[in-house]
Structure formats: structure tokens, C-alpha cells
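One structure is given here, and the rest of the page talks about it.
The values are calculated or read from the model by the stated rules, or taken from the named source; none is laboratory data. Since this is a predicted model, take the numbers as computed values, not measurements. As a convention, Cβ positions derive from the backbone with ideal geometry for all residues, glycine included, and neighbour counts pool all protein chains shown. Heavy atoms of the whole protein, side chains included, go into the accessibility calculation; ligands, DNA and RNA do not. Shrake-Rupley method; radii C 1.70, N 1.55, O 1.52, S 1.80 Å.
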Amino acid sequence: MGGTKIEAVVMAPDGAITARQRVATPQDYESEIRTLKQLVESLESQLPERAFVGVCHPGSFSPATGLMRNANSTWLNGKSLKSDLEAALARTIKFANDADCFAVSEAKDGAGAGFSTVFGVIIGTGTGGGIVKDGHLHTGPSAIAGEWGHIPLPWPSVEELSIPPCWCGLQGCLETWLSGTGLSADHHRMTGQSLKGEDIVAHALAGDEQARASLTRHADRMARGLAVVLNILDPDCVVLGGGLSNIPNLSAAIEARLPRYVFSDTIKTVIRRAQHGDSSGVRGAAWLWTLEGPSPQ
């Protein structure tokens with residue numbers, strides 16, 4: 001369940017994708033429930049048997065109320081997504097945050113396979129993170145583990161002290177700097193040009209020095225944000241996903257800057273680009289059924 005699109009796939013037990021559909025994300029709750037139901041039923045009609053369903057969603061479920069919260073698709077917040085979708089599809093469904101699903105996918109059979117602790121990073125419409133330790137997804141008692149996008153930008157420069165507001169109600173969150181909209185906003189502040197993230201990358205590749213400077217600032221902010229993660233979690237591998245993970249040489253640019261910020265004389269954490277691209281989240285939703293074993297439907 002993305003902010004602009006919803007992707008549904010059929011995944012075989014070996015991880016192979018055998019069918020796929022993508023549609024635009026409706027911008028209201030009732031329409032999104034109907035769209036999710038239609039996608040599942042459409043794909044399931046092609047199968048010889050009833051499917052297990054996993055859902056990769058923005059935000060998280062409140063342990064106190066069971067309602068959705070913290071989703072940048074704000075029409076989901078305060079809604080009973082789990083019970084409403086399970087009622088619509090008449091079955092038990094497994095749910096996890098989009099960054100958690102991404103981390104599960106890449107740790108299972110992607111760029112983080114074989115590492116003990118994997119921190120999965122999504123930098124796209126938003127900025128999220130997920131933690132997989134020894135094959136187990138760690139969400140924490142408050143279901144917020146990995147939410148590095150809503151800590152403030154560390155070690156801000158003088159120019160960064162004019163802190164942009166975040167949709168969450170606070171100011172200066174990493175998401176406001178590192179997401180696609182954050183990159184665009186920073187480029188506009190510095191140049192007056194209104195460009196999308198992918199256009200900034202294209203301009204940089206064409207030799208535009210202002211666009212290159214914007215990507216350099218973005219890489220340094222990524223390094224500062226991830227330095228906090230490394231200081232706390234010390235993961236074996238960080239996997240980068242989301243649209244901005246396609247910035248050329250981003251992993252190397254981050255690794256080159258980490259020693260300035262990480263509280264260690266040596267850094268063994270490797271930074272890798274996702275192996276499964278923008279389909280990693282939906283694959284992780286399917287893999288959720290393997291973490292604890294299938295449950296009766």
C-alpha cells in the first residue's frame with residue numbers, strides 16, 4: 001500500500017513472483033478497502049486454491065487501540081484497517097509496516113541475505129526503516145522500531161537550522177530532508193528551481209553543478225541519520241530501498257561519509273542497494289507468513 005500506487009502479487013513458496021497487478025492508490029479509506037479487496041480477488045481467481053494474504057502498509061497499528069496511526073497516507077489514520085480488510089476478504093491477514101516488509105524481503109533472500117542484523121531503509125515518498133535480527137522481524141512493544149525518519153536531522157549546519165515542518169506535527173524530521181519531497185524542497189530552497197527527485201538526479205548526471213550539490217547534501221544527511229542508527233543498533237548491513245535508492249553511487253557516498261559521524265574507529269556495516277527494487281515491500285508481505293508459520297485461514 002503505497003502513497004501513489006498499490007501493488008499486489010502472487011508469490012510462490014520459493015519467492016518467485018507468478019502474477020502482478022498495480023493500480024493507483026485511492027485517496028480515501030473506503031475506496032482503498034474496496035481496491036484492496038478487488039486486487040486480491042482478481043489475482044486469486046487465477047489460482048487453483050485460496051491464498052494466504054499479507055499486507056505491507058504505511059504507518060503502524062497502535063497497541064493501545066488497534067487503529068492505524070502514523071501513516072503518511074493520512075486517510076488511513078484512526079481506521080480499523082486490520083478488522084475491516086479481514087472482514088472484506090473473510091480471512092486472517094498478516095500486516096506489517098512497509099519498511100518492515102522491505103527489511104524482511106531483503107534479509108530473507110535479497111541484499112541482506114546471510115547477515116545477522118539487517119536495517120532496511122526506505123527513502124521515497126516517506127522515510128522509514130525496519131529491523132530484522134537472525135531472521136526475526138523486530139517491531140518493539142510500541143510497534144515503532146526502526147522509525148528513524150522521525151528523529152531530527154543530526155548535527156545540523158547553520159543553513160539547516162531553518163527547520164522545515166513535518167506532516168507528523170514536529171519539525172526537522174529526517175523524512176523532511178531525505179524523502180523525495182524533502183530532496184525537491186531542499187533543491188528549491190537553494191536554487192529556486194522546482195524539480196522532482198528523479199529530475200534532480202537526471203540534471204546531476206547531465207553535469208548540472210547545482211543538482212550535484214543537492215545530491216551531495218542529501219548523501220551527507222543520509223550519513224548523519226544512519227550514523228545514529230549505527231551508534232545504537234550497529235547492524236551488519238543497511239539495505240537502501242525506495243525511489244531515491246536509485247541515485248547513482250548513493251551507497252558509496254554514504255559509506256565514505258560515515259567515519260566522520262559514527263562513534264567508532266572502524267565501521268564494518270555494509271551499505272547495499274536493495275536487490276528486489278520497489279517490489280521488495282510486497283514480497284516481504286508474503287514472507288510474513290513464513291516468520292511464524294502459516295496460521296489457519
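What to note about this one:
- Note on exposure: CYS56, CYS237 ranked by accessible area (1.4 Å probe, complete protein assembly) read CYS56, CYS237, with the most exposed listed first.
- Note on the chain: Kirkwood hydrodynamic radius from all Cα pairs is 19.7 Å, rounded to one decimal.
- For the chain, built as a Gaussian network whose Cα springs stay under 10 Å, the top-fluctuating residue of HIS276, HIS57, HIS188: HIS188
- log10 of Debye I(q)/I(0), alpha-carbon scatterers only, for the stretch 126-180 at 0.14, 0.23, 0.25, 0.30 Å⁻¹: -0.45, -0.88, -0.96, -1.17
- Length added when fully stretched, ASP234-ASP14, from 0.36 nm per residue minus Cα-Cα: 76.2 nm
- For ALA256 and THR4, the FRET efficiency from 1/(1 + (r/R0)^6), where r spans their Cβ atoms and R0 equals 41 Å, is about 0.80.
- Considering only GLY120, GLY135, GLY242, the mean-square fluctuation computed in a Gaussian network model of the chain, springs between alpha carbons under 10 angstrom, is largest for GLY135.
- Averaged over its residues, the stretch 138-221 has an accessible area of 51 Å² per residue, based on protein heavy atoms and a 1.4 Å probe.
- Cross-link partners of LYS94 among lysines (Cα-Cα below 27 Å; sequence separation of 8 or more within a chain): LYS5, LYS37, LYS79, LYS82, LYS108, LYS133
- Free of any trypsin sites (Lys or Arg not before Pro) that DSSP assigns to a loop and that have at most 12 other C-beta atoms within 10 Å, the longest stretch within the chain is 51-267.
- Relative contact order for the chain, counting Cα pairs under 8 Å that sit 6 or more residues apart, in percent: 20 percent
- Sparsely packed GluC sites (Glu not before Pro) within the stretch 1-72, loop by DSSP, other Cβ within 10 Å at most 12: GLU49
- Start at zero, step by 5 Å, and the Cα-Cα distances of the stretch 142-297 spread as 2, 8, 16, 19, 20, 16, 10, 5, 3, 1, 1, 0 percent across the bins.
- In nm, spacing of pseudo-spin labels at ASP109 and HIS136 (7 Å Cα→C-beta vector): 2.4 nm
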